[in-house]
Amino acid sequence: MNGNAPIYADTAKSLGKQIATAGYGLVYGGCDYGLMGHVSWAAHENNCEITCIVEQEILDLKQFSVGPGKVVKVQNNRDFMDAINEHSTAFVILPGGFTTLEEILQCLRWSHETSCPKPIVVINVNGYYDSFKSFIENGIACGIIDKTRNYPLFFCDTPAEAINAITKYCSNSLH
């Protein structure tokens, strides 16, 4: 899905271009539709190295086309998420549905379980994730979410801010 306002697709295209311009590679779910389809094609048009992680079941359905990039086939959703984690340096989240929410929570779980977590950057287009951010803040305020855990979770309004957050976090974690 592309959302009901042009800003969602425009943000996705801008993100793809900025990932490539910053010299990062793109690892994504492999299909060429929706917002991630826009990201992948914009990254491709700007000579970005792209890795598509695709579940065999999706390929078997033949309902979707695979986008640009080197294809890594996996068997199921668990393998999909493991491959995304293995091939990624950071996670950038655009507005999405239930699967996106599941992926955010998986990234936070990985962050909790490792001594060297990867940054999780949420691009909050049009305030899409305001309620999710409030949920986290409320969980911390109520003592349900441990505020001493330094989750590398960043909320940004634009792709440029997202790339800056990743660059800053990754350069700081190398020291």
In the range 5-21, the residues that are open to solvent by 40 Å² or more (accessible area, probe 1.4 Å) and either of a type in the set (D, E, K, R) or at pLDDT below 95 (or both): P6, D10, K13, K17
When residues of the range 112-136 are limited to those that are farther than 29 Å from N2 by Cβ and surrounded by 11 or more Cβ atoms within 10 Å (Cβ to Cβ), the one nearest to the chain's Cα centre (by Cα): P117
Strands (runs of 3 or more DSSP E) within the range 2-77 that include 3 or more residues under 20 Å from G96 (Cβ atoms): 26-28, 50-55
So I58, is it surrounded by 16 or more Cβ atoms within 10 Å (Cβ to Cβ), closer than 25 Å to Y8 by Cβ and in contact with a helix residue (DSSP H, G or I) (Cβ under 6 Å, 6 or more places away or on another chain): no
Selection within the range 30-54 - open to solvent by 30 Å² or more (accessible area, probe 1.4 Å) and either in contact with a Gly (Cβ under 9 Å, 6 or more places away or on another chain) or of a type in the set (A, V, I, L, M) (or both): D32, Y33, M36, H38, W41, H44, E45, N46, E49
Neighbours by Cβ (under 9 Å, 6+ apart or cross-chain): first from the range 145-162, modelled with pLDDT under 95 and open to solvent by 50 Å² or more (accessible area, probe 1.4 Å); second of a type in the set (A, V, I, L, M, F, W, C) and in a loop (DSSP other than H, G, I, E, B): Y151/I145
Every pair of residues 6+ apart whose Cβ atoms lie under 8 Å, when the first sits in the range 117-134 and is free of Cβ contacts under 8 Å to residues at least 24 places away in the same chain while the second is of a type in the set (A, V, I, L, M, F, W, C) and surrounded by 15 or more Cβ atoms within 10 Å (Cβ to Cβ): K133/V122; K133/F155
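The values are calculated or read from the model by the stated rules, or taken from the named source; none is laboratory data. Values in this document were obtained by computation on a predicted structure and should not be read as measured data. Positions of Cβ are generated from backbone atoms using ideal geometry, with glycine treated the same way; all protein chains shown enter the neighbour counts. Quick note on the areas: whole protein, heavy atoms, side chains included, nothing else; ligands and nucleic acids left out. Shrake-Rupley method; radii C 1.70, N 1.55, O 1.52, S 1.80 Å.
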